[in-house]
1. Of all residues in region 326-385, which are under 17 Å from ILE245 (Cβ atoms) and assigned to a loop (DSSP other than H, G, I, E, B)?
2. LYS142 is checked against (1) touching a helix residue (DSSP H, G or I) at 6+ places or on another chain (Cβ under 6 Å); (2) outside any helix (DSSP H, G or I); (3) surrounded by 19 or more Cβ atoms within 10 Å (Cβ to Cβ) and fails just one. What number does that condition carry?
3. Show the residue pairs meeting these rules: Cβ distance below 9 Å; 6+ apart or different chains; first residue within region 281-301 and within 17 Å of GLU91 (Cα to Cα) and without any contact (Cβ under 8 Å) to a residue 24 or more places away in the chain; second residue of a type outside the set (Val, Ile, Thr) and surrounded by fewer than 16 Cβ atoms within 10 Å (Cβ to Cβ).
4. Within region 18-37, is even one residue at pLDDT 90 or above, in a helix (DSSP H, G or I), more than 27 Å from THR178 (Cβ to Cβ) and aliphatic (A, V, I, L, M)?
5. Among the residues of region 169-194, which ones are modelled with pLDDT of 90 or more, closer than 23 Å to GLY51 by Cα and of a type in the set (A, V, I, L, M, F, W, C)?
6. Determine if region 75-85 includes at least one residue that is of a type outside the set (Asp, Glu) and either in the same structural domain as GLY347 (by TED's automatic domain parsing) or surrounded by fewer than 16 Cβ atoms within 10 Å (Cβ to Cβ) (or both).
7. Just name the residue that is nearest to the chain's Cα centre (by Cα) out of those in region 18-34 that are surrounded by fewer than 20 Cβ atoms within 10 Å (Cβ to Cβ) and among the hydrophobic types (A, V, I, L, M, F, W, C).
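The values are calculated or read from the model by the stated rules, or taken from the named source; none is laboratory data. Computed from a predicted structure; not experimentally measured. Note that each Cβ is placed from the backbone with ideal geometry, even for glycine, and that neighbours are counted across all protein chains shown.
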Amino acid sequence: MIKFSDLKLDPKVLKAVIEAGYETPTPIQEQAIPFALEGRDVLGIAQTGTGKTASFTLPLITRLRRGRARARMPRSLVLAPTRELAAQVAENFDTYAKYTKLTKALLIGGVAFGEQDKLIERGVDVLIATPGRLLDHFERGKLLLTGVEVMVVDEADRMLDMGFIPDIERIFSLTPFTRQTFFYSATMAPEIERITNTFLSNPARIEVARQATTSATIEQALIEFTPSRKDRAASEKRDLLRALIAQEGEACTNAIIFCNRKVDVDVVAKSLKKHGLDAAPIHGDLDQSMRTRTLDGFREGKLRYLVASDVAARGLDVPSVSHVFNFDVPSHAEDYVHRIGRTGRAGRLGKAFTLSTPSDAKYLDAIEHMLQSTLPRGVSPLSKRAVAEEAPAADAPQVAPAAAQAAAPEGSASGTADSPAPRSRRTRTRGSKPREADATPDTAEAATHSATVVPAAKRGRVALAEAPAPADTTPPDTTPPDATPVADVPPAAPENARAAGPQAALVTDLQGRRRGGRRDNDDRGPRNSGSNSGGQVVGMGDHVPEFLLREFRQS
């Protein structure tokens, strides 16, 4: 087994590596360091968390151990896509170069130009920068790149996703063609391959893992759920996230929760804090000092849940991350590899959960096509909870019909033969008031003429007695058509009915039928027949139109 002592590193660098607790290099370090020390260009392809940063930092320090930096002309250049990744490279440099006299400068956004200009004016051996801030200093005349001996491009595929490829090409054109180049990426898109063919000279290609593969130490699960409504999808997804965290319990010592949009990062972080979980957001719109404090608190264990955008998907090296939750399915398939790569690092075990809705189908297809495998499906804890709540109901004893009727709440739609169910609400006309349980005693008397009225419980409704109504023994109506019918007028207002004529009786009869439910059995004859078998035949009464009384003479 090869050790770091066999790689011909500078003794001061080797001493710092051993003090850091490392003895055996990773596969990418074992293969890349010898070619780098020979002065060859290196093209490294490896999944995240395999030690790529040390594979170029150690030979870089060893090669720069002799020489002196000049003002505004750095001797080496390291490009990183994000501030966090650039800061991590700077930390690695401090760790491994602490016994040397090499100097460094970190050029990232969110920091004042003044302090950075002072460092560049003194001259630095290693310049670590993001592409945008580097070009800002160059265009202000504070920086020259003609003295670069070694150039490193880290996470090139992320550079492509963030739109930095034109800036990378311009920076390459500003450096000497005699430079040594280290080019590292987790995936090799066609655009990345074009750049390597253009700017690298006979590189040593090192591929320690198949492109776009996930670590075997990560247990993955895809949780699929369908929201009840489109406008509730976000809130229900947050409920599912909290249920997953609660399901993991103490096993979830800390976690990173990834969202696609910055606004969702803030919303999810506030939601977790509202429910008593220690969470904080991190994304590109936050001040750099706040981002640094948040990351330091997460690394030190003071913060348990880090809600992040893809700014933390690359270069965030926290070895003890136990869980990763993809609140959103990443829109770029390569980001899935980098997100879940934040857990299961350095041989540790980790878990990665991805929350998916039906609208994420195309993104899932792209991820599974890239991985050449299907993501394992998991079971939603909300579904488990629903099944657990329904299980006792299946074992509950059956309730007798009489007992069920007695226990049924007032106004329920169930009923028995002895107690018919109330009429459906659909029978109400639009704009009408809710029908009482069959109106008032006067109305019930007008509808049935002989029914006994009893009060119902609580709501003051009135129901008919359970006893059937007696047969109608009213003698046939022999009143002349133009006479005022007195028998059908309710007792409450007989004089008004007589004054109004037969039409009032008709209205009263119709109201009684509507409120009384079904027609009586003796009211089912022909509507306009001359028989007197239920309803009275009503003509025009006393109000005959005048034109009907006129006589017309034939000419």
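1. PHE327, ASP328, ARG342, THR343, GLY378, VAL379, SER380
2. Every condition holds for LYS142 apart from (3).
3. Cβ pairs passing all conditions: ASP296/LYS302; ARG299/SER320.
4. The answer is yes; a qualifying residue exists.
5. Those that are modelled with pLDDT of 90 or more, closer than 23 Å to GLY51 by Cα and of a type in the set (A, V, I, L, M, F, W, C): PHE182, PHE183.
6. Within region 75-85, not a single residue is of a type outside the set (Asp, Glu) and either in the same structural domain as GLY347 (by TED's automatic domain parsing) or surrounded by fewer than 16 Cβ atoms within 10 Å (Cβ to Cβ) (or both).
7. Here the residue is ALA20.
The rows are residues; the columns are (1) surrounded by fewer than 18 Cβ atoms within 10 Å (Cβ to Cβ); (2) assigned to a strand (DSSP E or B).
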residue	(1), (2)
ILE256	no, yes
VAL265	no, no
SER271	no, no
ALA280	no, yes
GLY284	yes, no
